[in-house]
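Note sheet for the following structure.
The values are calculated or read from the model by the stated rules, or taken from the named source; none is laboratory data. Nothing here was measured: the structure is a model prediction, and the numbers come from that model. Don't worry about glycine lacking a Cβ; one is built from the backbone with ideal geometry, like all the others, and counts go over all protein chains shown.
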Amino acid sequence: MKDKTSTPIPCKKCGKPSTNLFPSYCNECALAMLLRLQDALNGVAVPNLDEGHNDLGNMKRLLLRFGERFRYTRATGWLWWAGTDSGASTV
C-alpha cells in the first residue's frame, strides 16, 4: 500500500513544489501565467518576460504593466498617478 504523503511534483518553470490547484506549477508561476492570460484577453501587449520570482523580476513586471503611472520627483519621491484631476498620490 502506498503512503498518502507523496512528494509534490516540481514546478515545470522554476522547480519549486507544485500545488494541488495547478499540479504542474507552483503558486507564483501559476499566478504569472494567469496574469499573462488576463493581459492577452484585455489586449495588453506584454512581452514574454520571465525574470524570476525576486525583487528585480517583480520590479520589471510592475514597470511593464504600470510604468506610465509612476513619476519621480526630488521634492516628493515616487508618485503614482491615479488618473483623476485631483493629482497623484505618494507611494
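The requirement of being at pLDDT 80 or above and touching a strand residue (DSSP E or B) at 6+ places or on another chain (Cβ under 7 Å) is fulfilled somewhere in region 22-39, by at least one residue. Go through (1) surrounded by 12 or more Cβ atoms within 10 Å (Cβ to Cβ); (2) at pLDDT 80 or above; (3) charged (D, E, K, R) and name the single condition residue 61 misses. Failed condition: (2).
Whether any residue in region 71-79 is modelled with pLDDT of 80 or more, part of a loop (DSSP other than H, G, I, E, B), more than 26 Å from residue 18 (Cβ to Cβ) and of a type in the set (S, T, N, Q) is what I want to check.
Residues of region 71-79 modelled with pLDDT of 80 or more: 71-79.
Filter once more, so that each one left must be part of a loop (DSSP other than H, G, I, E, B): 74-76.
Still in the list and also more than 26 Å from residue 18 (Cβ to Cβ): 74-76.
So of that shortlist, the ones also of a type in the set (S, T, N, Q) come out as 76.
There is at least one residue in region 71-79 that is modelled with pLDDT of 80 or more, part of a loop (DSSP other than H, G, I, E, B), more than 26 Å from residue 18 (Cβ to Cβ) and of a type in the set (S, T, N, Q).
Is it the case that residue 45 is at pLDDT below 75 and either of a type in the set (Gly, Ala, Ser) or not in a loop (DSSP other than H, G, I, E, B) (or both)? Against the criterion (at pLDDT below 75 and either of a type in the set (Gly, Ala, Ser) or not in a loop (DSSP other than H, G, I, E, B) (or both)), residue 45 qualifies. Which residues, counting only those in region 7-21, are out of contact with any strand residue (DSSP E or B) (no Cβ under 8 Å at 6 or more places or on another chain) and surrounded by 14 or more Cβ atoms within 10 Å (Cβ to Cβ)? Answer for region 7-21, where residues must be out of contact with any strand residue (DSSP E or B) (no Cβ under 8 Å at 6 or more places or on another chain) and surrounded by 14 or more Cβ atoms within 10 Å (Cβ to Cβ): 13, 14, 19.
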